[in-house]
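Comments concern the structure below.
The values are calculated or read from the model by the stated rules, or taken from the named source; none is laboratory data. Here the structure is a predicted model, which is why all the values come from computation and not from measurement. FYI the Cβ positions are ideal-geometry reconstructions off the backbone, even for glycines, and counts take in every protein chain you see. Accessible surface is based on the protein model in full, side chains and every heavy atom, while ligands, DNA and RNA are left aside. Shrake-Rupley method; radii C 1.70, N 1.55, O 1.52, S 1.80 Å.
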Amino acid sequence: MDLKELLQKQMQGEIIIIDVRNEDEHKARNPLSSINIPLSSIGQNPHQITQFNKEIVLVCFSGRRSEIAQETIRNTLGLEVLSLNGGLEMLLK
C-alpha cells in the first residue's frame, strides 16, 4: 500500500495501523498514531493481531520489518495484511 492510500483509509477509519518497530523507536516518533506491536512480539505471538476487526496495515522505518511481519502473519495465521511500501522513512526525515 502506498502512503497516499494509507492516509486516505486512515482518515476514513477503515484501517488499523500497526507499527512493528521496537518500542523505543515507536515512542520517539509515531507520525501515524499507530499501535505498536514490535516484530519480535509478532514472531512470538502472531495471534495478537486477530483482535482487530479492520484491515491491518503494517509499518516500520524502511518497510523491511513490516514485510517480515506480513509474511509471518500470512504463514502462521493465513491472514492477509498489508505493508506500507517504502516504510515511514519518507515521513520521518
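What residue among Ser66, Phe52, Leu91 has its Cα farthest toward the positive end of the dipole of the chain, where the charges are +1 on Lys, Arg and -1 on Asp, Glu, each on the Cβ?
Looking along the dipole axis, the top candidate is Leu91.
Of the heavy-atom accessible surface of the chain (probe 1.4 angstrom), what whole percent is carbon and sulfur?
The C+S portion of the solvent-accessible surface of the chain is 47 percent.
Find the lysine pairs in the chain meeting two conditions, Cα atoms under 19 Å apart and a separation of 8 or more places or different chains, and report how many there are.
4
With a probe of 1.4 Å, find how much accessible area the chain has per residue, and write the answer as a whole number in Å².
Accessible area per residue: 57 Å².
Evaluate the Kirkwood expression for the hydrodynamic radius of the stretch 30-82, namely the inverse of the mean inverse distance over all pairs of different C-alpha atoms, and round to one decimal in Å.
11.3 Å
Pop a pseudo-label 7 angstrom from the Cα along the beta-carbon direction at both Phe52 and Ser33 and give the gap in nm to one decimal.
1.5 nm
The stretch 1-55: which trypsin sites (Lys or Arg not before Pro) are DSSP loop and have at most 14 other beta-carbon atoms within 10 angstrom?
Arg29, Lys54
Hey, with R₀ at 25 Å, roughly what FRET efficiency would Met11 and Thr76 work out to, going by the Cβ-Cβ distance, to 0.05?
0.25
If you average the C-alpha positions of the stretch 1-41 and of the stretch 49-73 separately, how far apart do those two centres end up, in angstrom?
For the stretch 1-41 versus the stretch 49-73, the Cα centre distance is 9 Å.
Given Cβ point charges of +1 (Lys, Arg) and -1 (Asp, Glu) and nothing else, what value in debye, to the nearest 20, does the dipole of the chain about its Cα centre take?
Using only the charged Cβ atoms, the result is roughly 140 debye.
Starting from one equal scatterer on each C-alpha and no solvent at all, send me the Debye-based log10 I(q)/I(0) for the chain at q = 0.10, 0.11, 0.15, 0.23 Å⁻¹, two decimals.
Summing over Cα pairs of the chain leads to -0.21, -0.26, -0.49, -1.21.
At 0.36 nm per residue, minus the direct Cα-Cα distance, what do Ser41 and Glu23 gain on full extension? Give it in nm, one decimal, please.
Here the answer is 5.4 nm.
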